[in-house]
Amino acid sequence: MTTKTKVESKTLEMKGNAEVLVGKVVGKAVQAKGIADQVESDLKNAGQDLKEVGKDLKKAARRVKKASRKS
């Protein structure tokens, strides 16, 4: 996960937290928006984690293929 992506995700999460707190005072609509932002942030983080896993799997597959050629 790139630093830019991490910062964007964390910013969105913090915005969501603030909206949830404001929503408790102001109204449910703002609170719901904050929760939605938190969920979006979590999904973005999960997506980035999956990308990293995919890259690791590709590397492992290349190593296995290379090793099998040597045998």
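The values are calculated or read from the model by the stated rules, or taken from the named source; none is laboratory data. A quick note: this is a predicted structure, and the numbers were derived from the prediction, not measured. Glycine also receives a Cβ, built like all others from the backbone with ideal geometry; neighbour counts cover every protein chain displayed.
Annotation note: of 30, 20, 25, the sole residue that is surrounded by fewer than 10 Cβ atoms within 10 Å (Cβ to Cβ), β-branched (Val, Ile, Thr) and over 17 Å from the mean Cα position of the chain (by Cα) is 25.
I'd like the full set of residues that are assigned to a helix (DSSP H, G or I) and surrounded by fewer than 13 Cβ atoms within 10 Å (Cβ to Cβ), limited to the stretch 1-16.
Step one: filter the stretch 1-16 for residues assigned to a helix (DSSP H, G or I), giving 3-16.
Selection gives 3, 4, 7, 10, 11.
Within the stretch 33-71, count every residue that is within 20 Å of the chain's Cα centre (by Cα) and of a type in the set (Ser, Thr, Tyr). Quick ask: steps written out before the conclusion?
Here is the first cut: in the stretch 33-71, the residues within 20 Å of the chain's Cα centre (by Cα) are 33-57.
Retained after the next criterion (residues that are of a type in the set (Ser, Thr, Tyr)): 41.
Within the stretch 33-71, residues that are within 20 Å of the chain's Cα centre (by Cα) and of a type in the set (Ser, Thr, Tyr) number 1.
Quick grid of which residues meet (1) under 28 Å from residue 2 (Cβ atoms); (2) modelled with pLDDT under 90; (3) of a type outside the set (Gly, Ala, Ser); (4) part of a helix (DSSP H, G or I):
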{"position": "18", "(1), (2), (3), (4)": "yes, yes, no, yes"}
{"position": "25", "(1), (2), (3), (4)": "no, yes, yes, yes"}
{"position": "29", "(1), (2), (3), (4)": "no, yes, no, yes"}
{"position": "34", "(1), (2), (3), (4)": "yes, yes, no, yes"}
{"position": "37", "(1), (2), (3), (4)": "yes, yes, yes, yes"}
{"position": "53", "(1), (2), (3), (4)": "yes, no, yes, yes"}
{"position": "58", "(1), (2), (3), (4)": "yes, no, yes, yes"}
{"position": "62", "(1), (2), (3), (4)": "yes, no, yes, yes"}
